1. So in the range 173-205, with the set limited to residues that are among the hydroxyl-bearing types (Ser, Thr, Tyr) and over 19 Å from the mean Cα position of the chain (by Cα), which one is modelled with the highest pLDDT?
2. Kindly provide the set of residues from the range 318-335 that are under 19 Å from Gly297 (Cα atoms), among the small types (Gly, Ala, Ser) and surrounded by fewer than 20 Cβ atoms within 10 Å (Cβ to Cβ), ordered by number.
3. Assess whether Ser106 counts as being surrounded by fewer than 21 Cβ atoms within 10 Å (Cβ to Cβ), more than 20 Å from Val195 (Cα to Cα) and at pLDDT 95 or above.
4. Would it be correct to say that Glu86 is acidic (Asp, Glu) and either closer than 20 Å to Trp395 by Cα or surrounded by 15 or more Cβ atoms within 10 Å (Cβ to Cβ) (or both)?
5. Sort through Gln257, Gln235, Gln230 and tell me the only one that's at positive phi and either more than 16 Å from the chain's Cα centre (by Cα) or buried (at least 23 other Cβ atoms within 10 Å of the Cβ) (or both).
6. Residues in the range 325-343: is at least one without any contact (Cβ under 8 Å) to a residue 12 or more places away in the chain and not assigned by TED's automatic domain parsing to the domain that holds Asn138?
7. Among the numbered criteria (1) touching a strand residue (DSSP E or B) at 6+ places or on another chain (Cβ under 7 Å); (2) in the same structural domain as Ile341 (by TED's automatic domain parsing); (3) at pLDDT 95 or above, which single criterion is violated by Glu269?
8. Looking only at residues in the range 147-184 that are in contact with a Ser or Thr (Cβ under 8 Å, 6 or more places away or on another chain) and in a loop (DSSP other than H, G, I, E, B), which one is nearest to Gly8 (Cα to Cα)?
Amino acid sequence: MKDVIIIGGGAAGIFCALSIMENTKESVNVTILERLEKIGKKILATGNGKCNFTNKNLAPKKYNNPKFVTPTLSKYGYKEIVKYLESIGLLSKEISEGRMYPYTESATTVLEVMRMHLQRLGVNIKTNYEVNKVVERNGRYLVYNKNQRNYYLECDYLVFACGGASAPVLGSNGSGYSLLKPFKVKVTDIYPGLVGIKSEIMILKVLNGLRFKCNVSVVEKKTKKSVWTQYGEVQFKGDGISGIVVMEASTFIARHQGNYIINLDLMPEASLDDTIRMLNKRKELFESSEVSSLLTGMLPKMLGSVVVKKASIDMNSYVKNLTNANINKIAGLIKAFPLEIKGDYGFERSQVTVGGVSLSEVDSESLEIKKMNNAYICGEMLDVDGECGGYNIQWAFASGYLVGKKVVESIKNNA
């Protein structure tokens, strides 16, 4: 009997275990080791608790390294994942923009279905098992438990499905990378991805709670060049901004590590000249009103006030006294409202890890680690990250299932 240990009971680890047990007739003992008291806790938080588990618009270009993910996604894409989950009992539906959810719109349903199938297939699950060391000895791996001195489990095949460093309270705390150090497996620098961006508190404090759709641009400070732009809803917080579009921007910033600011185009449908014309018409319409009223009906009240204040105009002066320079400055701010980047909300509040195990260390066809024998890696622990919309959990499912198949193939070939 061959022993397989999977370190990590998240989406990738679970799918890997299911794949092994479903695709072999050999006698195989599969064990999932989970650091927390339960498996799949991060799954429960996916899609705000609804579990957006894949997307009809799945394509390699949705990831940071399209070439690397192509072999996996070509075998286990959107259709295959939906079909597989349905085969083990999960009904699903599309809600918006290709996003697929369980029919119940509850992540608990997804985890329950998978846990039931793990039980049916006879997968061993050991919780509260925090792996702190892996040793290779006589062609097998010894996997040590931090919580029990000198206690370890042995296996013939080892799968790293430890996750990245995002949302450590849900399981993945970045500790998996250190397990690979003795084997000299290269790990790139890691950063929080799909996370809110901290900015100027004095500007944003009054906008706390506001949601507003606009174009968000990442702009190089030195060249003033826009290097990334996307339209979406921005959620203003007391000390920063969030929302899907902002989280996408944060991933770009993390991966490119430049000196940037954020620009908000508050009226993307209008050109700068159009905006100037609108403001001049409003100047005539509101000439007897205070400047604070200029943008009423054009932008949300508090946002309009912030724009006018940013233009360094006396809020108690009258609209009729605005100069052409004042109008041009306000229009410029509407088209490019700048926000200094003061940081992000950290791994604790990020949805994905940017960086991880270098892709040069892994065979893209099998996800086997080149410097180790019979050892594989899947999911977020790799330097693979995707956009919002179900793409990251899709990668976890697909890469986990692929690794499971490759483990089975190896067992058969070496029988």
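The values are calculated or read from the model by the stated rules, or taken from the named source; none is laboratory data. Just so you know, these numbers come straight off a predicted model, no measurement behind them. Here the Cβ positions follow ideal geometry from the backbone for every residue, glycine too, while neighbour counts run over all protein chains shown.
1. So the residue we want is Ser178.
2. Gly332
3. Judged against the criteria, Ser106 is a match.
4. yes
5. On inspection, the qualifying residue turns out to be Gln257.
6. Yes: the range 325-343 contains one or more residues that are without any contact (Cβ under 8 Å) to a residue 12 or more places away in the chain and not assigned by TED's automatic domain parsing to the domain that holds Asn138.
7. (1)
8. Going through the qualifying residues, I end up with Cys162.
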